[in-house]
1. Under 1.5 on a/c is rounded, so check that first for the chain, then, if it is not, pick prolate when a/b is larger than b/c and oblate when it is not; a ≥ b ≥ c are the square roots of the alpha carbon gyration tensor eigenvalues.
2. Can you figure out the FRET efficiency of E392 with T424, using R₀ = 30 Å and their beta-carbon distance, to the nearest 0.05?
3. Which order do the peptides 401-413, 108-120 take when ranked by the mean count of other beta-carbon atoms within 10 Å per residue, highest first?
4. How large is the convex hull of the C-alpha atoms of the stretch 192-338 per residue, in Å³?
5. Given a 1.4 Å probe, how much area per residue of the stretch 1-130 is accessible, in Å²?
6. Once you place label points 7 Å from the Cα toward the Cβ at R400 and A221, how far apart are they in nm?
7. Once label points are set 7 Å from the Cα along Cα→Cβ at both Q317 and R78, what is their separation, rounded to one decimal in nm?
8. Lysines near K71 by alpha-carbon distance under 23 Å, same-chain residues fewer than 8 away left out - which ones?
Amino acid sequence: MTETATTIPSTDELVTRVADASAAWAATPYAVRARVLRAIADALDAAGADLIAIAQEETALPQPRLQGELKRTTFQLRLFADVVERGEFLDVRIDRPDAEWPMGAPRPDLRRMLVPIGPVLNFAASNFPFAFSVAGGDTAAALAAGNAVLVKAHSGHPRLSDATAAVIAEAAAEAGAPADLVRVVHGTQEGIAALQHPAIKAASFTGSIAGGRALFDIANARPEPIPFYGELGSVNPAFVAPGAAASRAGEIAEGWLASVTGSQGQLCTKPGVLLVPAESGIVDALRGAPVPSPAPLLNDRIAQGFVQSLEALSGNQAVSVLREGEASRAQQPEATLLLTSAEAVLDDPELVTEVFGPAGLVVTYTDASDLERVASVLEGQLTATIVADEDEADLEIARRLVPVLTDRAGRLLWNQWPTGVSVTFAQQHGGPYPATTAPTTTAVGTASIARFLRPVAYQNFPAALLPEALRDENPLGVPQRIDG
Ligand code: NAP
């Protein structure tokens, strides 16, 4: 039955239904879990044309970008299905009893594995209506881990959120999932009420620092605080060493501009700041390089935020305009580039701030040691990029920079740009606050599943009462780490 205005369940009822589904889903065999994830992927692919048409209307993102994003989304669901089948994500550890354990007391029989954390609330992102929304990474990870999901729809694409949820519901039910495996709630206050609901056991979020921090505080102020995996803001600085700047100024300028303007600059991994030697030809190359035609931003709120943050930064006395984009303060802005110096950033590190949209800040330096000094005043970042040649001088600069950047960022890149985050086993999409509220985790890649799992150890248990994954005969064939 379709829900009409009078039958839309309350937030409390939605959470309760998702909690019931979560209990049933946690007990569903891993093989069925994988089958359901694949069925959802197939159904989303089949409904792709309809879903993309709605997404275009609601987000103004172009069709090729949305097609690519849907492909990434369904690939992700299938990859996570493979992970569920292989069983490594359970991190099974079995320590058999050892009377001679050198600790000084006998070691008991201990068997540890990861179990589903419980119902998850996912605050969907505005800028990825597929890959970080109802069927996106957080939902896929939570489902793979064995939890049902309530998605707080982003107000920027409400119809797409409902349409995606309807496709998921039908496919999941046909493949053997419990009803209400993935549900959607709309409204800012409803999102807060769901986050405060005692049945919710973890939450994920992609969006602004202000919004993410407010919700993180709510999650922590609950009588029972819960993990809140917030992916917030990042500037993703790129450091160009003198050798590379001298040997390939034009290529660096074009590569950076393409990364800064991709998806109209509305990406959390946009390399918003580029540090270059003052003497290099990069600044001139940037003045003349081609930029994409003006295009609309995701929604009015993002457009207003872009104008405000661009005006604040360009209004700073230490910042000049390197290149003003056409209609740079309107709904369809062309890229704008700003210019400042490393000295100014060292005086006021807040110049390194996120401008969400098609804009970037070029920072000139006069001494290569400035790179390290600027890196050391940065806040937490999702990524940091080094552009350098492999000659001794550039490598020496990079050698000094890497430890500082390792301290500040979740992913370091060498001669590649950070946009286009691949979904893989080794991917890391996270970083120290304010890039995320949970620096020990990733929001992308198969390691993201671990966010929605919780370890439990069974001591001295009879085999008949142990989960199958922990039994000696290992009927599921999952990887078991035995006696270390
Ligand atoms: P947002 O304003 O943080 O909103 C994200 C989600 O959180 C929405 O569902 C929103 O609800 C909810 N929310 C925000 N503040 C809240 C509060 N105080 N209490 C309860 N719920 C709250 O993010 P956005 O709309 O995507 O974009 C705004 C800015 O976020 C951008 O300009 C950019 O700076 C940043 N952003 C960052 C990323 C990233 O990947 N790190 C991605 C997108 C945007 P409603 O929709 O109901 O208001």
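The values are calculated or read from the model by the stated rules, or taken from the named source; none is laboratory data. Please read these numbers as outputs of a predicted model, since none were measured by experiment. Counting neighbours? That spans all protein chains shown, and the Cβs are built from the backbone with ideal geometry, glycine included. Side chains are part of the model used for accessible areas, which takes the heavy atoms of the whole protein and leaves out ligands, DNA and RNA. Shrake-Rupley method; radii C 1.70, N 1.55, O 1.52, S 1.80 Å.
1. Details: a/c = 2.19, a/b = 1.42, b/c = 1.54.
Note, shape of the chain comes out oblate.
2. Numbers: r = 32 Å, r/R0 = 1.07.
About 0.40, to the nearest 0.05.
3. Details: 401-413: 18.4, 108-120: 20.3.
In decreasing order of mean packing, 401-413, 108-120 become 108-120, 401-413.
4. Working: hull volume 19.5 nm³, N = 147.
Cα-based convex hull of the stretch 192-338, divided per residue, equals 132 Å³.
5. That works out to 47 Å² per residue.
6. My value for the distance between the label points is 4.6 nm.
7. A separation of 5.9 nm, rounded to one decimal place.
8. Result set, ordered by chain and number: K152, K270.
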